[in-house]
Amino acid sequence: MPAVFQLVPTELAEHILTFCHPREVARVAQTCKQLHSLVYDGTDQYLWRELFLLYPFDDLRKAVPAGPGEIDATVDWRGELQRRIFAEAVVVSDPATASADELLFALSTLVSVVYSSLPHQPLLPGQDNPIRSGNLTWLHDVLQRSPFIRTPDLALTEPTEQLCCQLRSQLSLTMDDGTDTSELSQRRAESRCAVYNLSNYTIKNLWGPYLPMFTLAASPGAQPKVDWKQVEHVMNVVVLNMRELVGTPYSLMRPQLGLEHTRAYSAPGTAALRTNGSKDWAGLEGLWRRFVCFMDYRELFAFNYSNLDTSLSPRYFVEDSFTEAVRILEMRIFLKKVEEPTPFDYPECPQLVFEGHVKGLQSRNADVKGFVQRFLDGTIRWKFETIYDGVPQWSGECIQVGNICSTIGLAGIWSGVQHTAGDPAGPFWMWKTAESVVERDIIIM
């Protein structure tokens, strides 16, 4: 067969190979020197580009870079395809067979697949269904088969665990619909233990979902890293609380969940921001919904400071007497100011200052002000304060869970604006909604 194949013109041979799986192409390359050269020594990467796009993956040339170092006019199609095929093999394998370095490399690759996915494409005239992301369709299939994602209690290194938590946060429990109810209840109890533990919020992590910084005072340009374990806990609490609201008016206001909704510019009203030169690079202007969870202050105090056997333990939240309140608020915000760029800003993403107002069914209307910034690693941070009668009362620290301007929105922590000892805190999720949605809110106790 190799002798016959060698007689085929190079262009035709490459075209034939595009119908093969990349692993089959690698096997073909091992049959003789000529085919090895055809597969691996080409200068234009035509074969590898076609193999990549027909897998199918999204075109890397159309992706929104997740970091300044990733802006590159050239694409290593062969290298990227090989990384993804290797990552798939690692994460679907038996956890006992993968080395720590292999797993870290594989999970880093899978996270990059999220951020290199095709930005959301608006429907064209006559088009019934949106174009789905090949990246995210493939990734969803891989993660469904991965014990590292499906088994949250595996013993992993800290960097590897952070990557697993990031992927699970972006999945937002969409793979767990069939999971045993008791298992989900236990998971929520563990996540409640994390999000309501007040010692988790200090100046070192900006009272938000970040890893502690120990150079905060010495370096004004220090930028925190996202604590994806805490973000996953926030998502677990909020999503599982949402599921209990079936049959209530809230069921009409459910946000979009899952990998497909991590795509850049998928949030309502943001599709044109990539190309129209708008200063509002974060897509902040418009109508937002905010789902807030909180404990009764007496229970919060008992959980954190009492001598109960269940204090600071997930067992505190499995008691039948425990109740958690949720509130859905609407925020309408406007871009007030674009700050001058600094060396600590992501290129072309200067800090945005916003203001607006908040509506609640059983609470007074309030003002809101804050800012959005994008760190050099691509992280998008929101910080804001809720103001009643001119007095700031609550603060929020949150991060974009998916790509820039993605439907999945923001996950974070609310707390008292003064951050004094004993101030309450809790999780929230915030997402942008279409202007055509009738404004409403609901409180469920």
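The values are calculated or read from the model by the stated rules, or taken from the named source; none is laboratory data. Predicted model only: the values in this text are computed from it and were never measured. Every residue, glycine as well, gets a Cβ built from its backbone with ideal geometry; the counts of neighbours run over all protein chains shown.
Data overview
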read-out: Residue that is nearest to residue 271 (Cα to Cα) [pool: residues in the range 401-413 that are part of a strand (DSSP E or B) and in contact (Cβ under 8 Å) with a residue 60 or more places away in the chain]; value: 411
read-out: Odd one out for residue 126, checked against (1) part of a loop (DSSP other than H, G, I, E, B); (2) under 21 Å from the mean Cα position of the chain (by Cα); (3) assigned by TED's automatic domain parsing to the domain that holds residue 62; value: (2)
read-out: Failed condition for residue 402, given (1) within 24 Å of residue 379 (Cα to Cα); (2) modelled with pLDDT under 95; value: (2)
read-out: Search result, residues across the range 104-123 that are in a loop (DSSP other than H, G, I, E, B) and either crowded, with 18+ Cβ neighbours inside 10 Å or touching a strand residue (DSSP E or B) at 6+ places or on another chain (Cβ under 8 Å) (or both); value: 116, 117, 118, 119, 120
read-out: Filter pass, residue 47 being at pLDDT below 85, more than 28 Å from residue 225 (Cα to Cα) and surrounded by 16 or more Cβ atoms within 10 Å (Cβ to Cβ); value: no
read-out: Pick from the range 162-216, criterion in contact with an Asp or Glu (Cβ under 9 Å, 6 or more places away or on another chain), charged (D, E, K, R) and in a helix (DSSP H, G or I), ranking: surrounded by the fewest Cβ atoms within 10 Å (Cβ to Cβ); value: 183
read-out: Filtered residues of the range 292-314 (kept if in contact with a Pro (Cβ under 8 Å, 6 or more places away or on another chain) and crowded, with 21+ Cβ neighbours inside 10 Å); value: 293, 295
read-out: Selection count, the range 273-297, where residues are without any contact (Cβ under 8 Å) to a residue 60 or more places away in the chain and out of contact with any strand residue (DSSP E or B) (no Cβ under 8 Å at 6 or more places or on another chain); value: 4
read-out: One residue from 389, 367 being in the same structural domain as residue 200 (by TED's automatic domain parsing) and modelled with pLDDT of 95 or more; value: 367
read-out: Some residue of the range 196-213 being at positive phi and of a type in the set (Phe, Trp, Tyr); value: yes
read-out: Failed condition for residue 382, given (1) surrounded by 15 or more Cβ atoms within 10 Å (Cβ to Cβ); (2) farther than 19 Å from residue 411 by Cα; value: (2)
read-out: From the options 143, 124, 136, 156, residue that is of a type in the set (A, V, I, L, M, F, W, C) and without any contact (Cβ under 8 Å) to a residue 12 or more places away in the chain; value: 124
read-out: The range 410-427: number of residues that are within 20 Å of residue 326 (Cβ to Cβ) and aliphatic (A, V, I, L, M); value: 4
read-out: Residue within the range 173-189 that is within 19 Å of the chain's Cα centre (by Cα), closer than 29 Å to residue 267 by Cβ, modelled with pLDDT of 95 or more and of a type in the set (A, V, I, L, M, F, W, C) present; value: no
read-out: Which numbered condition residue 203 fails, given (1) β-branched (Val, Ile, Thr); (2) over 16 Å from residue 381 (Cα atoms); (3) out of contact with any helix residue (DSSP H, G or I) (no Cβ under 7 Å at 6 or more places or on another chain); value: (2)
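For (1) among the hydroxyl-bearing types (Ser, Thr, Tyr); (2) assigned by TED's automatic domain parsing to the domain that holds residue 367; (3) touching a helix residue (DSSP H, G or I) at 6+ places or on another chain (Cβ under 6 Å), each residue gets a yes or a no:
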| position | (1), (2), (3) |
| --- | --- |
| 283 | no, yes, yes |
| 287 | no, yes, no |
| 313 | yes, yes, no |
| 323 | yes, yes, no |
| 336 | no, yes, no |
